[in-house]
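Have a look at the structure below, then the notes.
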Amino acid sequence: LMTGDFITFGPLPYSYARRHMPECAAILGGIQCPLRYASLGNHDTTIGSDYVIAPLREQGISVLVNQAVALERGGQRLWLGGLGSACCGDADPAAAIPSAALTGYEPLILMAHEPDILPEVSRYNADLMLSGHTHGGQVRLPFLPPLVLPPYGQNYVEGFFRHGPTQLYVNRGIGAVGVPFRLNCPPEITVLTLA
């Protein structure tokens, strides 16, 4: 599951990111696993969703934007949903969360790029929300809180949280934004085991 920001903007023009998105998608297409899903981040939406979605789908990566799919195995069903970017005003939990998950009869994992939408998502009884967006603070000076955090990424910076019925995991990601480095904030690819 990939929670967005596959491309970025600045200092180069949007056209540069758009031109290189197929290369990024090809790299992600090399991920070997039976199912690959993605949601979009604020950078993807700002640059242009179509420039991101089409190359990812060409690589066999399903992109979920305010929608959910049912994953079935052994007669049991798990829902996987993806929101649009909250920063860009595109997140619609009501559209992304199926009624079976709303009632609590079937579990739901929701990809939501920006973690601070957690209180709203918890009203829909999502079981697990996966987010990124914050880069874990990216530049962390010893004994100080993160120096810069993005909008919708101020309250849940990295790691595990719970709000009502919803658990949240915020991944630090593997990239950088603003400055081309990390300090005391190593990149992260998370493996979660559902029990």
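The values are calculated or read from the model by the stated rules, or taken from the named source; none is laboratory data. Quantities reported herein were computed from a predicted structural model and do not represent experimental measurements. When we count neighbours, we look across all protein chains shown, and the Cβ atoms used for this are built from the backbone with ideal geometry, even at glycine. Please note that ligands, DNA and RNA were not included when accessible areas were found on the heavy atoms of the full protein model with its side chains. Shrake-Rupley method; radii C 1.70, N 1.55, O 1.52, S 1.80 Å.
Quick one: which residue in Gly136, Gly132, Gly173 is under 21 Å from Leu80 (Cβ atoms), touching a Lys or Arg at 6+ places or on another chain (Cβ under 9 Å) and either modelled with pLDDT of 95 or more or open to solvent by 60 Å² or more (accessible area, probe 1.4 Å) (or both)? It would help to see each step written out before you state the result.
On the way: Gly136 fails: under 21 Å from Leu80 (Cβ atoms); Gly173 fails: touching a Lys or Arg at 6+ places or on another chain (Cβ under 9 Å).
Sole residue among the options that is under 21 Å from Leu80 (Cβ atoms), touching a Lys or Arg at 6+ places or on another chain (Cβ under 9 Å) and either modelled with pLDDT of 95 or more or open to solvent by 60 Å² or more (accessible area, probe 1.4 Å) (or both): Gly132.
Just the residues that are under 20 Å from Leu144 (Cα atoms), under 17 Å from the mean Cα position of the chain (by Cα) and not aliphatic (A, V, I, L, M), please, taken from the range 172-195.
Correct list: Arg172, Pro187.
Scan (1) open to solvent by 40 Å² or more (accessible area, probe 1.4 Å); (2) under 16 Å from the mean Cα position of the chain (by Cα); (3) under 22 Å from Tyr169 (Cβ atoms) for the single condition Leu80 breaks and write down its number.
(1)
Condition check ((1) surrounded by 17 or more Cβ atoms within 10 Å (Cβ to Cβ); (2) under 19 Å from the mean Cα position of the chain (by Cα)) across all residues:
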site: Leu12; (1), (2): no, no
site: Tyr16; (1), (2): no, no
site: Glu23; (1), (2): no, no
site: Leu40; (1), (2): yes, yes
site: Asp50; (1), (2): no, yes
site: Glu58; (1), (2): no, no
site: Val63; (1), (2): yes, yes
site: Gln67; (1), (2): yes, yes
site: Leu71; (1), (2): no, yes
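Restricting to the range 83-94, count the residues that are hydrophobic (A, V, I, L, M, F, W, C), open to solvent by 40 Å² or more (accessible area, probe 1.4 Å) and either touching a Gly at 6+ places or on another chain (Cβ under 6 Å) or within 14 Å of Arg123 (Cβ to Cβ) (or both).
Number of matching residues: 1.
Taking the stated definitions as given, is Glu72 in contact with a Lys or Arg (Cβ under 7 Å, 6 or more places away or on another chain) and either farther than 20 Å from Asn42 by Cβ or basic (Lys, Arg) (or both)?
The answer is no for Glu72.
Which one of these is over 19 Å from Arg123 (Cβ atoms), of a type in the set (D, E, K, R), part of a loop (DSSP other than H, G, I, E, B) and at pLDDT 95 or above: Asp5, Asp44? So that I can check it myself, show each step before the final result.
Values: Asp44 fails: part of a loop (DSSP other than H, G, I, E, B).
The match here is Asp5.
Hey, could you check the range 145-158 for residues that are modelled with pLDDT of 95 or more and out of contact with any strand residue (DSSP E or B) (no Cβ under 6 Å at 6 or more places or on another chain) and say which is surrounded by the most Cβ atoms within 10 Å (Cβ to Cβ)?
First pass over the range 145-158, keeping only residues modelled with pLDDT of 95 or more: 149-158.
Still in the running and out of contact with any strand residue (DSSP E or B) (no Cβ under 6 Å at 6 or more places or on another chain): 149-155, 157.
Working: Leu149: 19, Pro150: 15, Pro151: 11, Tyr152: 23, Gly153: 26, Gln154: 12, Asn155: 14, Val157: 21.
Out of the qualifying residues, it is Gly153.
With the structure loaded, tell me whether Pro107 is free of Cβ contacts under 8 Å to residues at least 40 places away in the same chain, open to solvent by less than 20 Å² (accessible area, probe 1.4 Å) and not aromatic (Phe, Trp, Tyr) or whether it fails that test.
So Pro107 fails the test.
Consider only pairs whose beta carbons are under 9 Å apart and that are at least six residues apart or on different chains; among these, list those whose first residue lies in the range 21-36 and is farther than 22 Å from Gly81 by Cβ and whose second residue is assigned to a loop (DSSP other than H, G, I, E, B) and among the small types (Gly, Ala, Ser).
Gly29/Gly60
Condition check ((1) in contact with a Leu (Cβ under 6 Å, 6 or more places away or on another chain); (2) on the phi < 0 side of the Ramachandran plot; (3) not aliphatic (A, V, I, L, M)) across all residues:
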| site | (1), (2), (3) |
| --- | --- |
| Ile109 | yes, yes, no |
| Arg123 | no, yes, yes |
| Asp127 | yes, yes, yes |
| Val139 | yes, yes, no |
| Pro165 | no, yes, yes |
| Gly173 | no, no, yes |
| Val177 | no, yes, no |
| Pro180 | no, yes, yes |
| Ile189 | no, yes, no |
